[in-house]
Each structure stands twice: as structure tokens, then as C-alpha cells.
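Q: Dumping the structure here so I can ask a few things about it.
The values are calculated or read from the model by the stated rules, or taken from the named source; none is laboratory data. Note that the structure is a prediction, hence the values are computed from the model and not measured. Neighbour counts are summed over all protein chains in view; Cβ atoms, including those assigned to glycine, are modelled from backbone coordinates with ideal geometry. Accessible surface is based on the protein model in full, side chains and every heavy atom, while ligands, DNA and RNA are left aside. Shrake-Rupley method; radii C 1.70, N 1.55, O 1.52, S 1.80 Å.
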There are 2 protein chains.
Amino acid sequence: MKIGQKIDTLLTPIPVVDEDVMATNIARVQAYFDEMDRDFRPHIKTHKLPSVAKLQIAAGARGINCQKVSEAEVFAEEGFDDILITFNIMGSERLERLRALNDTIKLRVVADNEVVVDGLSAAFTGHEPLDVLVECDTGAKRNGVQTPDEAVALAMHIHESGGLNFMGLMTYPPKSGGEPVAERFFTETMAKLAEKGIDCPIRTFGGSPSLFNAHLVPSATEHRAGTYVYNDRSMVREGHCTFDDCAMNILTTVVSRPTADRAVIDAGSKTLTQDLIGFTDFGYIRGYPDARIVSLSEEHGVIDLSACEDKPEIGELLRVIPNHTCVVTNLFDRMVFHRDGMVTRIEDVAARGTVW
Amino acid sequence: MKIGQKIDTLLTPIPVVDEDVMATNIARVQAYFDEMDRDFRPHIKTHKLPSVAKLQIAAGARGINCQKVSEAEVFAEEGFDDILITFNIMGSERLERLRALNDTIKLRVVADNEVVVDGLSAAFTGHEPLDVLVECDTGAKRNGVQTPDEAVALAMHIHESGGLNFMGLMTYPPKSGGEPVAERFFTETMAKLAEKGIDCPIRTFGGSPSLFNAHLVPSATEHRAGTYVYNDRSMVREGHCTFDDCAMNILTTVVSRPTADRAVIDAGSKTLTQDLIGFTDFGYIRGYPDARIVSLSEEHGVIDLSACEDKPEIGELLRVIPNHTCVVTNLFDRMVFHRDGMVTRIEDVAARGTVW
């Protein structure tokens, strides 16, 4: 694998990222937020690569979003000095590392319960104060306080806790249609906080699929999104982009044609992952729209060709657009970038595998 | 993370493997095959660790089974000298590496079509001959020739090709009930080959879930299985073992309790994977049999507690038995082993991420 190599000569299975498509994706989304005069904070989970985050910052993004302390450490080491970690952080060893990060960069975290806030407060009292946002559940049914009243109570608790600054509200909305709920949650909470004389300067909204609906949450000051940088099949389904806007393609080879209607490729769950993300098959094969990747084992992908007029031959190279690009990134130690099918760079996926 | 550390003080999420449970699993399966006087060849995909494969060999296993050339390279480097690669191998660079392996160890591969055989023959003509088995589809609907007649035709083609020795038949059966089909496929093919005067010394059967039915395929000379070494929830479902026989547990922390019936853990798809393997939820939580991990995002696991009498608190450490252990191994750079809850060793997962 080397710079200048044609990507169709790479050993398969392998994900490759088109530099130009990625650049267009970055520019398009940044322009939308610039137009609206809203801060945009890319989530690094999609690429896990400082070099790509630098392109996002150069385009105008304000800082980055990480999900774990270990990710933030990788990016802080590479010079990123404005990081939001959108996860409840617990445990003394992790809190010590968080404190070290907060001493060197502009750091913010979230919390959705008092146990987490009390842990943060114990770790940061007597040190550089930590900025904390309250995570709100606006319909995604994951983390988050359930009501504006709960948000206010937790904000008050943060406000009154040593070592912490209450800085605002954060939500990760449901895949689609969450904007009115988030807007109501934010504005109601802000009004209640204002009554108590508590500032709420940041309201951060997020998600890739509904990204171009961010203007429907006018109370938000910031948007976070990750997947848009590469795009994937789920983003096409949500109407966010076309298949041509998918910068990451997975190159895979047909290794068997056991029957007239079955092909087997060398991309299995170790490449494509079992992440259906609402689909009933495991990726979109470019050039074979009627082929369906119906099952995966670790190194095999089984394709049903029964609806296809043209059928791929043994040895043929296929390009698959994955259902969900972020989880593919996490499986590969290196990511290959290309322009017009020639390798431009090969990057170690610096924050791959970090869950701590 | 260090030797002697209590596992309940490790940063979560993290998979840990109980040395004693693993040793019992290895001994139990080896005893079954010893009793039957059948070769047993463990598949390394489950652990991807030379140190564990050495325990399997020490117990009496005959060689190892890899799925990719890159895996075989890792294990050959560590001294393993009898390796079967059960995948159609294509491409000049990979075939060169295969040739290098075949020059140093006892190597066997499989093929299910003439394109692959012709590639192998071109690469090995004039070199140390390569042993090739014909892969047969006995109901798993993945790779494999479809009928004994196809098997014979491909065996003849291998037999007549330069650089190759036809050595027998291989099948990866369906999850359950495949034994009679495999037995019929093997015996019919052997009879037809005998008529043509072609030796078929190896018939290798495989799979973990139905492992203890291997005696129902008396024509087999060898069995291959991987998952049995750690076991997992799917193996419990198939009646192969109990939850107490699952050597790999995933330690994870409850980070949120947003509602009375919802908990969120720090193990998401980057830890548990989205591999449902026939279940409708993402793992079995020890001590909370009525809790269901209903959805995963990359770093969050959402648990439905509505059926639970006792409910875990924020900060509580949970032990999850994954649906499928092999895919978890592929996500972590290091694996932690323990005995009675104290870390015994921390191993780099040497063959993690290898797909080439």
C-alpha cells in the first residue's frame, strides 16, 4: 500500500475515502451553518483522525466533539484546544485524566444526573473549574434529563457545586423530527433558568441525518454532527445526500459464486459490521442496485443476486457504501484516502478503539 | 491496568476472560474429540491470540484453523507449523505471501471454484506444492460447491493442476442439524472419488454450536471450532454450555438512569457489536436476567428495566455475556485475563483487525 497506488490494486476488503467528496461534504455543511451564523462542532467519531478534524476546523468549525476522555486525549495531543465530551464521565482515574485535559485546553462535558455531577465536583474542587452542560432527552431515549424542570434542578445543582460552571444545555435528538421537541425543551428550560437568574449561554443540538433542519431549532447556539464528513447509506436514506456524496466506499472482491443467484465477497462483519441501522441488508453495492448483502459472517458477505440482471463474476472488485460509516472506521487501523482513484495518503486511525 | 489488579477496578467498558473457565472449556472439548479419536483443530478467530492457541495445542489439538493469510502469518511467526486457512485466496500479492508461508510450515487451504484453483496453481507451479481441500456447502449457504458431483469435478481439477495436491473436503455446516447432510455429502463424494482412484484423506467438519454432535459425521477425520474456548450467549442458547461456562464477560458501568425503567451503560456497539446472531437484544446481563439491552449506539447501551424487580444504580458495575464473543475480540487491542477476579495477564490481541 503506497502513495500513488491505484485503489483498485489494493488488497481487499478495505475502506477508501475520496478526498474531493469529503472536501465537498465539509464545505457544504459548514456553509449552511455559516449562513445561519451558528457554531458548528464536528463529532470526530466518524473519522477518528486529527488530519480530517483539521480540515473541518480550517473550513470554519468551532472546536470538536468527542465521546470519550480517551478520544479527547488523542486530539488534545494533536493541538485541538476546544473539545466538548458528550458523555457522563465517572471514575477516579478517568476524572484525573479529565482534570489534566482541563488544565491544558478549553474543555466542556455533559451530565444528566447528580451522581455524575457530584463525581465531577469532587474531582474539580480546588482546581481549574470545569464547564458542564446538562444533557436533555428530547426523544432519542438514550441519556438525558426528561423534563425542563429536571434540567433546571440539575443546572442548579451544578451551579451550586464546587469546581463546576454550569454552561448550558445539550441534546442528541432522535434521527428525525426531533427539532420542535428540542426547541420547546431548550426554550422552556432557558425561561425557567432566567427566572432563577442562571445564565445558559450554550444550547448545543446535534445529529447528522437531520442536519439541514438545524434552523428549526432557533434557540440552539451550536450544532454537532459527525457522519456528514464521509456520509453513508443511512444518510442517503434520510435525504441528506446522494450515493455520489458518500466519500467512504468499501472495496471488496467476489471470491465465490456458489449458485446462479449467490455471490460471496471478502467483506464480512469485520469490515461492514452487523450495524443494520434500520436496513434489512448490510450495504449498498454500487453498480448492482438490485443486489442485496443478506448475511455476514466475520470474513464473508453473502449476496443475493436473484433480482439482478447483470451479476458480478468471481474476482470482480465491488464498491460498497456501508450502512453506517462510523463503525467501519473503528474496525480499521489505517484509513486510505484517494483522489481520482490514486492513493493520496494512508493515515493511522489515531482514535480507533478508544472507549475509555 | 496491571497484573494482580482486581478486575472490578478496571476502566470500563472492557472484556475480561476467566482463565479457569477457559481451561475447562478447552479440556472438555478436547476430551470429547480424544474419546472419538478425531483430530481437533481450533479456529483462532475467537481469541486471535497465540498464547491461547498454545494452550489448545498443549491440550491435544492438531494444528490451528485461520480464516485469512494475515492471521496465518501472525501465528506462523509465533511458531505454529500446521495451519489450515478456510477461505478462497485470490490476488497475486496475497498468493506470494501464501507461498512464503507454505515454504516454512505445513499449510492447507480450501477452494470452491476453478478461478481460485487456477490462481493457486499459477502461483505454486514450480514451488513447494500446496495442499488444497474442496469446500462443500452442506446447508450453511455461504461458500462451497453445491453437490458431490461438483466436488468431484473440482477435486479432479485440483488433482490435474500444477503446484497443487488435492487433500480432501471441508465444510462449514449450518448452525444446527447439518450433520446428516454433511455425512451424506462427504460419503457420496468419497465414493465417487474412489471410483476415479483419487485419494481423499481429509474430511474436515466444523462449527462450535453443534460441536458435541460431531460423532454424527463418522466420515469426518477432523473438527474445527472457535467459539467454545470462551463461549457466549449464542452457545448457551444452542445448549452447548451454561452461562457459568462463558469465560468472556464484559465489564460495563451504569452511567445514567434517565427514567425508572431505563438504564444506560458505557458499553455500546464499539464494545458489544451490533451482532444479534438471532437474539433481539444485545447481551445477557448477569444478575439481571430480566433486563434487556434494547439498543446500542457507539458508546451507549440502553437497557429496558421494565421487567426487573431489582434495578441497577448509577455507578454500578455490570457483567454482560456477549451474544457473540469472536466479534468482541476483534474490537479490543488488548485482552485481560483473570483468575478469581485478579488480573493474571494482559495480552495484545495479535491477530486483531487482520482481514487480508
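Q: Please pick out the residue among A:R233, A:R203 that is touching a Leu at 6+ places or on another chain (Cβ under 6 Å), touching a residue at least 12 places away in the same chain (Cβ under 8 Å) and among the charged types (D, E, K, R).
A: Values: A:R233 fails: touching a Leu at 6+ places or on another chain (Cβ under 6 Å).
Going through A:R233, A:R203 in turn, the sole match is A:R203.
Q: Turning to a different aspect of this structure: Starting from region A:120-133, keep only residues that are more than 14 Å from A:A100 (Cα to Cα), then list their pairs with residues that are of a type in the set (V, I, T) whose Cβ atoms are within a distance under 6 Å, requiring at least 6 positions of separation or different chains.
A: Every condition considered, the pairs that remain are A:V132/A:V109; A:V132/A:I158; A:L133/A:V110.
Q: Answer yes or no as to whether A:V115 is surrounded by 15 or more Cβ atoms within 10 Å (Cβ to Cβ), of a type in the set (A, V, I, L, M), touching a strand residue (DSSP E or B) at 6+ places or on another chain (Cβ under 8 Å) and at pLDDT 95 or above.
A: Values: surrounded by 15 or more Cβ atoms within 10 Å (Cβ to Cβ): yes; of a type in the set (A, V, I, L, M): yes; touching a strand residue (DSSP E or B) at 6+ places or on another chain (Cβ under 8 Å): no; at pLDDT 95 or above: yes.
Taking the combined requirement at face value, the residue does not satisfy it.
Q: Consider A:K54 against the criteria (1) more than 24 Å from A:H215 (Cα to Cα); (2) touching a residue at least 60 places away in the same chain (Cβ under 8 Å): it satisfies all of them except one. Which criterion is unmet?
A: Checking A:K54 against (1) more than 24 Å from A:H215 (Cα to Cα); (2) touching a residue at least 60 places away in the same chain (Cβ under 8 Å), the one that fails is (2).
Q: Out of the strands (runs of 3 or more DSSP E) lying entirely within region B:260-326, which hold 3 or more residues that are under 30 Å from the mean Cα position of the chain (by Cα)?
A: Working: elements: B:262-265, B:292-296, B:301-304, B:317-321.
Filter on region B:260-326 gives B:292-296, B:301-304, B:317-321.
Q: Still on this structure: Take the residues in region B:103-112 that are touching a helix residue (DSSP H, G or I) at 6+ places or on another chain (Cβ under 8 Å) and surrounded by fewer than 22 Cβ atoms within 10 Å (Cβ to Cβ), then tell me which one is farthest from B:I64 (Cα to Cα). I'd like the intermediate steps shown before the answer.
A: Looking only at region B:103-112, we keep the residues that are touching a helix residue (DSSP H, G or I) at 6+ places or on another chain (Cβ under 8 Å), and these are B:104-105, B:107, B:109, B:111-112.
If we keep only those that are surrounded by fewer than 22 Cβ atoms within 10 Å (Cβ to Cβ) too, we end up with B:104-105.
Numbers: B:T104: 15, B:I105: 12 Å.
So, considering only residues that are touching a helix residue (DSSP H, G or I) at 6+ places or on another chain (Cβ under 8 Å) and surrounded by fewer than 22 Cβ atoms within 10 Å (Cβ to Cβ), the one farthest from B:I64 (Cα to Cα) is B:T104.
Q: Only one of these is over 22 Å from A:D266 (Cβ atoms), modelled with pLDDT of 95 or more, away from every other protein chain (no Cβ under 13 Å) and crowded, with 22+ Cβ neighbours inside 10 Å: B:M167, B:M156. Name it. Step through it out loud before you land on a result.
A: Values: B:M156 fails: crowded, with 22+ Cβ neighbours inside 10 Å.
B:M167 is the lone residue from the list that is over 22 Å from A:D266 (Cβ atoms), modelled with pLDDT of 95 or more, away from every other protein chain (no Cβ under 13 Å) and crowded, with 22+ Cβ neighbours inside 10 Å.
Q: Any chance region B:120-134 includes a residue that's facing chain A (nearest Cβ under 10 Å) and modelled with pLDDT of 95 or more? Break it down into steps so the answer makes sense when it comes.
A: Looking only at region B:120-134, we keep the residues that are facing chain A (nearest Cβ under 10 Å), and these are none.
Within region B:120-134, not a single residue is facing chain A (nearest Cβ under 10 Å) and modelled with pLDDT of 95 or more.
Q: Only one of (1) assigned to a loop (DSSP other than H, G, I, E, B); (2) open to solvent by 30 Å² or more (accessible area, probe 1.4 Å) is not met by B:C241, so which one is it?
A: (2)
Q: Still on this model: When region A:282-303 is examined, which residues are found to be more than 10 Å from every other protein chain (Cβ to nearest Cβ) and touching a strand residue (DSSP E or B) at 6+ places or on another chain (Cβ under 6 Å)?
A: Here is the first cut: in region A:282-303, the residues more than 10 Å from every other protein chain (Cβ to nearest Cβ) are A:282-293, A:303.
Once the filter is applied, which keeps residues that are more than 10 Å from every other protein chain (Cβ to nearest Cβ) and touching a strand residue (DSSP E or B) at 6+ places or on another chain (Cβ under 6 Å), region A:282-303 yields A:F282, A:G283, A:Y284, A:I285, A:R286, A:A291, A:R292, A:I293, A:I303.
Q: If you scan region A:285-342, which residues turn out to be within 30 Å of A:K68 (Cα to Cα), of a type in the set (A, V, I, L, M) and touching a Pro at 6+ places or on another chain (Cβ under 9 Å)?
A: If the condition is that a residue be within 30 Å of A:K68 (Cα to Cα), of a type in the set (A, V, I, L, M) and touching a Pro at 6+ places or on another chain (Cβ under 9 Å), then A:V320, A:V328, A:L331, A:M335, A:V336 are the ones that fit.
Q: Quick one: how many residues across region A:17-43 are open to solvent by less than 10 Å² (accessible area, probe 1.4 Å) and within 18 Å of A:I346 (Cα to Cα)?
A: Qualifying residue count, region A:17-43: 2.
Q: Could we say that B:R99 is open to solvent by 10 Å² or more (accessible area, probe 1.4 Å), at negative phi, of a type in the set (D, E, K, R) and without any contact (Cβ under 8 Å) to a residue 40 or more places away in the chain here? Spell out the reasoning first.
A: Working: open to solvent by 10 Å² or more (accessible area, probe 1.4 Å): yes; at negative phi: yes; of a type in the set (D, E, K, R): yes; without any contact (Cβ under 8 Å) to a residue 40 or more places away in the chain: yes.
It is true that B:R99 is open to solvent by 10 Å² or more (accessible area, probe 1.4 Å), at negative phi, of a type in the set (D, E, K, R) and without any contact (Cβ under 8 Å) to a residue 40 or more places away in the chain.
Q: Is region A:109-119 home to any residue that is of a type outside the set (D, E, K, R) and more than 26 Å from B:V302 (Cβ to Cβ)? Lay out the reasoning, then the answer.
A: Of region A:109-119, the ones of a type outside the set (D, E, K, R) are A:109-111, A:113, A:115-117, A:119.
Cutting the leftovers down to more than 26 Å from B:V302 (Cβ to Cβ) gives us none.
No, the conditions are met nowhere in region A:109-119.
Q: Another question, then. What number goes with the only condition from (1) farther than 25 Å from B:I44 by Cβ; (2) more than 8 Å from every other protein chain (Cβ to nearest Cβ) that A:R262 does not pass?
A: (2) is the only condition that A:R262 fails.
Q: Could you please find all residues in region B:24-72 being under 14 Å from the mean Cα position of the chain (by Cα) and acidic (D, E)?
A: Matches in region B:24-72: B:E71 only.
Q: Would you point out the residue of region A:307-349, among those that are among the polar types (S, T, N, Q) and touching a Ser or Thr at 6+ places or on another chain (Cβ under 8 Å), that is surrounded by the most Cβ atoms within 10 Å (Cβ to Cβ)?
A: To start, the set of residues in region A:307-349 that are among the polar types (S, T, N, Q) comprises A:323, A:325, A:329-330, A:344.
Those still in the list that are touching a Ser or Thr at 6+ places or on another chain (Cβ under 8 Å) too: A:323, A:325, A:329.
Values: A:N323: 25, A:T325: 29, A:T329: 24.
Among residues in region A:307-349 that are among the polar types (S, T, N, Q) and touching a Ser or Thr at 6+ places or on another chain (Cβ under 8 Å), the one surrounded by the most Cβ atoms within 10 Å (Cβ to Cβ) is A:T325.
Q: From the list A:R224, A:R257, A:R237, A:R292, pick out the single residue that is of a type in the set (D, E, K, R) and assigned by the TED database to the domain that holds A:V110.
A: Details: A:R257 fails: assigned by the TED database to the domain that holds A:V110; A:R237 fails: assigned by the TED database to the domain that holds A:V110; A:R292 fails: assigned by the TED database to the domain that holds A:V110.
Unique residue meeting the criteria: A:R224.
Q: Please determine, by comparing only the residues of region B:249-259 that are facing chain A (nearest Cβ under 7 Å) and within 25 Å of B:D232 (Cα to Cα), which one is surrounded by the fewest Cβ atoms within 10 Å (Cβ to Cβ).
A: B:T253
Q: A further question on this structure: Return yes or no: is B:H300 over 26 Å from A:N88 (Cα atoms) and not assigned by the TED database to the domain that holds B:I44?
A: Values: over 26 Å from A:N88 (Cα atoms): no; not assigned by the TED database to the domain that holds B:I44: yes.
So B:H300 fails the test.
Q: Give the residues of region A:61-107 that are among the polar types (S, T, N, Q) and within 10 Å of chain B (Cβ to nearest Cβ), sorted by residue number. First the steps, then the outcome.
A: Going through region A:61-107, the residues among the polar types (S, T, N, Q) turn out to be A:65, A:67, A:70, A:86, A:88, A:92, A:102, A:104.
Passing the criteria: A:Q67, A:S70, A:T86, A:N88, A:S92.
Q: On to the next question. Considering only region A:336-356, how many residues are within 11 Å of chain B (Cβ to nearest Cβ) and assigned to a strand (DSSP E or B)?
A: So the answer is 0.
Q: Right, here's the next one. Taking the condition of being open to solvent by 10 Å² or more (accessible area, probe 1.4 Å) and touching a Phe, Trp or Tyr at 6+ places or on another chain (Cβ under 6 Å), how many residues in region B:127-147 meet it? Explain how you work it out, then say what you get.
A: Keep residues of region B:127-147 that are open to solvent by 10 Å² or more (accessible area, probe 1.4 Å), which gives B:127-129, B:131, B:137, B:139-142, B:146-147.
Okay, now just the ones that are also touching a Phe, Trp or Tyr at 6+ places or on another chain (Cβ under 6 Å), so B:140.
Qualifying residue count for the region: 1.
Q: Hey, among the residues in region B:269-281 that are in contact (Cβ under 8 Å) with a residue 40 or more places away in the chain and more than 8 Å from chain A (Cβ to nearest Cβ), which one's least open to solvent (accessible area, probe 1.4 Å)? Walk me through it before giving the result.
A: Here is the first cut: in region B:269-281, the residues in contact (Cβ under 8 Å) with a residue 40 or more places away in the chain are B:270-273, B:275-279.
Add one more test, that the residue is more than 8 Å from chain A (Cβ to nearest Cβ), and what stays is B:272, B:277-279.
Values: B:L272: 7, B:I277: 41, B:G278: 72, B:F279: 36 Å².
Here the answer is B:L272.
Q: Can you tell which of A:T125, A:T171 is touching a Gly at 6+ places or on another chain (Cβ under 7 Å) and under 30 Å from A:M235 (Cβ atoms)? Please lay out each step first, then the result.
A: Numbers: A:T125 fails: under 30 Å from A:M235 (Cβ atoms).
The unique qualifying residue is A:T171.
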